Amino acid sequence: MTQEFTVVGSRQPLVDSWKKVTGQAVYGDDVRFPNTLYARLLRSTLPHAKILRIDASRAEALPGVRAVVTGADAPAKFGVLPISQDEEALATDKVRYVGDCVAAVAADDEATAAKAIEMIEVVYEKLPEYFTTDEGLVPVEEPIHEWTVDGSNTQKRVDQHFGDMDKAIADAAVAPSGFFKFIGVGHAFTEPHAVTAVPESDGRLSLYTPTQVPHYVHRALARVMDMPMHRVRIFRTAVGGGFGGKSDPFPHEMATCLLARKVQRPVRLTFDREEIFLTNRGRHPGTVDVQIAFDKDGKILGLDTTAIIDGGAFASFGVVTTYYNGVLSQGPYKIPNFRYSGRRVYTNKAPCGAMRGHGAVNSRYGIESVIDMACEELAIDPIELRLKNVLEPYSKTTNEFRITSNGIVECLERVRDETDWISKKGHLPFGKGIGVSCGFFISGSALPIHKTRTPQSTVHLQIDVDGGITAHSQGAEIGQGSDTVIAIAVAEVLGVPMDFVRVRSADSDTAPLDLGAYSSRGCFMIGNAAREAALVIREKLSRAAGRLTGADPNDFTFADATLNCASDPSTHVSYFEALTEALADNGALIAKGWYQSPRMGGTFKGAGAGLAPAYSFNACVAEVDVDLETGLIKCTAMALAHDCGRALNRLAVEGQIEGCMHMGLGQALLEEMRYDRGRITNPNLLDYKVLSPFETPAMKVIIVESEDKEGPFGAKEAGEGPLIPVLPALGNAVYNAVGYRSMELPIRPEKVFDHIRRLRKTDAGLTKTWEQNVR
């Protein structure tokens, strides 16, 4: 039976929305302290070179310059993953890409700092340059990092095989395959990186930064500065967009702190847009080779895939990305036989990292495209074939992912019905098409990055005589609504309006540990922790109500700021009456709630990669209109059904799904980071094209609620998974429209037009293509 809720499932504005729309939110560039200095970074102009000498004497002598720091001031290496610490605050022995940070200057004003940067002399010795993954898969003359595999530039190799893939291919009725190429893309968030470092009067150091991962920045900064963590404070400012692009500890954060410590004054640094592109951490370029075996009825017999990804100059989340490109192919379909080979290769380009839908987006494009190839060969409707193969709820995948709730069948059926799929598929004129795809993503990573027994998320609650409930958490609010999730969970359990709850999640001095905003962990893990903390407070208030009324404390329900006795409706006390009694001879009510993923998964190498306490599922249908005279593609409509377990806040879930559709279409149609010998040639938002309102289709959001038993009130993620099926749904729709299967992203109109022009050479070509598409 569906439980009734008072706050959960309603449509709520985010608790920080008023601050943002009125200009009260404090973003990184809004931070101001007296006597603040301005920093600039000197960046490498070479892709790969030894640093022979750095002479900063002219810069140091410039009036208004207060400090210069180089890699010699802090040689310790750091990184977001403890197993791949390969970054430095400032380069020490060599530079690894155009844009690598070499020195930093603090001055009285930004213009002086910029002038000083130009006066620093760096003598380099050029090294061999590597710009492609093919070059880096074999031993090289000068590896970009010294700990690579077998003297190559390969950072990580993954090889997994479950079942007998060769037999699956041999037994198959059809086994279509495809080789797909992907250009790197950036996050294109609005707010630039902007940080301020403040040396405190007690000798501590504070960093104000718009980060997704305050805890990992805290760890890295303490390491680089050679300070104990309790002497370092991280204050997360408001985050103006992240999407994974602010989920690393960054060299510029370290360099700014080095300057502040050296001059004992606050130092601030704000990037321009080019520096954002140079810092990157966007989606990896690469290739995906996919083959899927099917029996004659359309059942999947096995999946064989190889992913080669270009990591750029540093590791970032790369080890995880290498695994995710394979293991997150294990859903939403049953894959009885599975083989995956993954390689992440260092190149002398801007470093790649985590981006929305981390590790699952490019591979999914290849898989869903090949599934549609099989549908054509077997003459089976694409939705029908997908329904034949879906995972069942409360099952296990071949690589031992534990599947809990699963609404994939409803997702497919809803997009089919909402888009009139049956009447459109095979009945649209040439140039118009419709395509479908499915997706699958984690609701938080079950294994923490640092192997400790510390909970992955903790929430503290405090209530005093005013009756307001202060919730403390280090969960990073980045616009996705994690602060609002805390407020909803607490308000629901305690039966009070949401405005009773005030969330404090910015300051590491007062916030209990949370691992940050990545891997779609916020709703599931922070929500569970907040709910558990609220249940502790609820028990204290129930006991107080029992003392006041003589009723059984377990018999009270909470609603409308009132505790009602279920067995005697005439017996009730107000929230404030119960609170006053609970505070008597006791003081403020304090509670703690925490979340730790249950133990799960296999024992083979890499078994922890992709493990999650729950998984989201989705399906997407895209409709396109291809201009037959130019090859330009317009997505006219898109419907996306997403199984989020339960929508805690329907307004926020709808917004996340719409944002995913927009971002996915951008990668499919427009976005690309272009390089010329390691130098980004379009590092601005004029030349790096993102989807405008004019290219945005009519969007139909369909929320599917499978009510996960382990999620907070049944909830799962909704912030990343909905992006994953968008790209292949569009690609399949383009094929349905004109018979062109794009084996690369973005889909290029000139190639679509070349295909149409070749067909036009004979009327028979167009007729044949049309007949294939209507099947």
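Matching residues to (1) open to solvent by less than 20 Å² (accessible area, probe 1.4 Å); (2) not polar (S, T, N, Q):
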| position | (1), (2) |
| --- | --- |
| 546 | yes, yes |
| 549 | no, no |
| 564 | no, no |
| 575 | yes, yes |
| 581 | no, yes |
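Among residues of region 267-282 that are in a strand (DSSP E or B), those with a beta-carbon under 6 Å from a residue that is small (Gly, Ala, Ser) at least six positions away or on a different chain give the pairs 267/39; 267/106; 267/197; 267/260; 269/39; 270/194. The residue list 483, 466, 514 contains one member that is modelled with pLDDT of 95 or more and under 17 Å from the mean Cα position of the chain (by Cα), which is 514. Tell me, which residue of region 643-667 that is polar (S, T, N, Q) and assigned to a helix (DSSP H, G or I) is most open to solvent (accessible area, probe 1.4 Å)? Ranking the qualifying residues of region 643-667, first place goes to 656.
Checking each residue in region 668-678 for being touching a Lys or Arg at 6+ places or on another chain (Cβ under 9 Å) and not in a loop (DSSP other than H, G, I, E, B) picks out 669, 675.
Okay, residues lined up against (1) within 16 Å of residue 438 (Cα to Cα); (2) not in a helix (DSSP H, G or I):
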{"residue": "369", "(1), (2)": "yes, no"}
{"residue": "375", "(1), (2)": "yes, no"}
{"residue": "380", "(1), (2)": "no, yes"}
{"residue": "383", "(1), (2)": "yes, no"}
{"residue": "386", "(1), (2)": "yes, no"}
{"residue": "392", "(1), (2)": "yes, yes"}
{"residue": "400", "(1), (2)": "no, yes"}
{"residue": "406", "(1), (2)": "yes, yes"}
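Across region 345-359, not a single residue is classified as open to solvent by 10 Å² or more (accessible area, probe 1.4 Å), outside any loop (DSSP other than H, G, I, E, B) and touching a residue at least 60 places away in the same chain (Cβ under 8 Å).
Yes or no, residue by residue, for (1) touching a helix residue (DSSP H, G or I) at 6+ places or on another chain (Cβ under 6 Å); (2) crowded, with 24+ Cβ neighbours inside 10 Å; (3) in contact (Cβ under 8 Å) with a residue 60 or more places away in the chain; (4) closer than 21 Å to residue 353 by Cβ:
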{"position": "88", "(1), (2), (3), (4)": "yes, no, yes, yes"}
{"position": "101", "(1), (2), (3), (4)": "yes, yes, yes, yes"}
{"position": "104", "(1), (2), (3), (4)": "yes, yes, yes, no"}
{"position": "115", "(1), (2), (3), (4)": "no, no, no, no"}
{"position": "129", "(1), (2), (3), (4)": "no, no, yes, no"}
{"position": "132", "(1), (2), (3), (4)": "no, no, yes, yes"}
{"position": "145", "(1), (2), (3), (4)": "no, no, yes, yes"}
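When each of 618, 682 is tested for being open to solvent by less than 30 Å² (accessible area, probe 1.4 Å) and assigned to a loop (DSSP other than H, G, I, E, B), the lone residue that passes is 682. Scanning region 142-156 for residues that are in contact with a Lys or Arg (Cβ under 6 Å, 6 or more places away or on another chain) and among the charged types (D, E, K, R) returns a single hit, 156.
For region 274-283, indicate whether the set of residues that are of a type in the set (A, V, I, L, M, F, W, C) and more than 30 Å from residue 745 (Cα to Cα) is non-empty. The answer is no; no qualifying residue exists. Number of residues in region 1-59 that are open to solvent by less than 60 Å² (accessible area, probe 1.4 Å), among the aliphatic types (A, V, I, L, M), out of contact with any helix residue (DSSP H, G or I) (no Cβ under 7 Å at 6 or more places or on another chain) and not in a loop (DSSP other than H, G, I, E, B) equals 3.
Taking the criterion of being among the β-branched types (Val, Ile, Thr) and open to solvent by 40 Å² or more (accessible area, probe 1.4 Å), would at least one residue in region 152-164 satisfy it?
Checking region 152-164: not a single residue is among the β-branched types (Val, Ile, Thr) and open to solvent by 40 Å² or more (accessible area, probe 1.4 Å).
Annotation: residue 695 fulfils all but one of (1) over 17 Å from residue 356 (Cα atoms); (2) open to solvent by less than 10 Å² (accessible area, probe 1.4 Å); (3) in contact (Cβ under 8 Å) with a residue 12 or more places away in the chain; the unmet one is (2).
Checking each residue of region 317-334 against the condition of being farther than 20 Å from residue 185 by Cα and among the aromatic types (Phe, Trp, Tyr) gives at least one match.
Here's the yes/no breakdown for (1) hydroxyl-bearing (Ser, Thr, Tyr); (2) under 18 Å from residue 88 (Cα atoms); (3) in contact with a His (Cβ under 6 Å, 6 or more places away or on another chain):
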position	(1), (2), (3)
255	no, yes, no
258	no, yes, no
271	no, no, yes
277	no, no, no
285	no, no, no
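Residue 555 passes every criterion in (1) charged (D, E, K, R); (2) within 30 Å of residue 454 (Cα to Cα); (3) modelled with pLDDT of 95 or more apart from (2).
State yes or no: is residue 76 in contact with a Leu (Cβ under 7 Å, 6 or more places away or on another chain) and either assigned to a loop (DSSP other than H, G, I, E, B) or of a type outside the set (Val, Ile, Thr) (or both)? Considered against the rule, which asks whether it is in contact with a Leu (Cβ under 7 Å, 6 or more places away or on another chain) and either assigned to a loop (DSSP other than H, G, I, E, B) or of a type outside the set (Val, Ile, Thr) (or both), residue 76 comes out as no.
Would you pick out the residues in region 117-127 that are in contact with a helix residue (DSSP H, G or I) (Cβ under 7 Å, 6 or more places away or on another chain) and either without any contact (Cβ under 8 Å) to a residue 40 or more places away in the chain or surrounded by fewer than 19 Cβ atoms within 10 Å (Cβ to Cβ) (or both)? Result: 119, single match. Residues of region 478-502 that are more than 17 Å from residue 715 (Cβ to Cβ) and touching a residue at least 12 places away in the same chain (Cβ under 8 Å): 478, 479, 494, 495, 496, 497, 500, 501, 502.
Candidates are the residues of region 144-171 that are within 32 Å of the chain's Cα centre (by Cα) and part of a helix (DSSP H, G or I); the one that is nearest to residue 48 (Cα to Cα) is 151.
The values are calculated or read from the model by the stated rules, or taken from the named source; none is laboratory data. Given the structure is predicted, the values throughout are model-derived calculations rather than measurements. So basically every Cβ, Gly included, is an ideal-geometry build from the backbone, and we count neighbours across all protein chains shown. The area values use the complete protein model at the heavy-atom level, side chains included, leaving out ligands, DNA and RNA. Shrake-Rupley method; radii C 1.70, N 1.55, O 1.52, S 1.80 Å.
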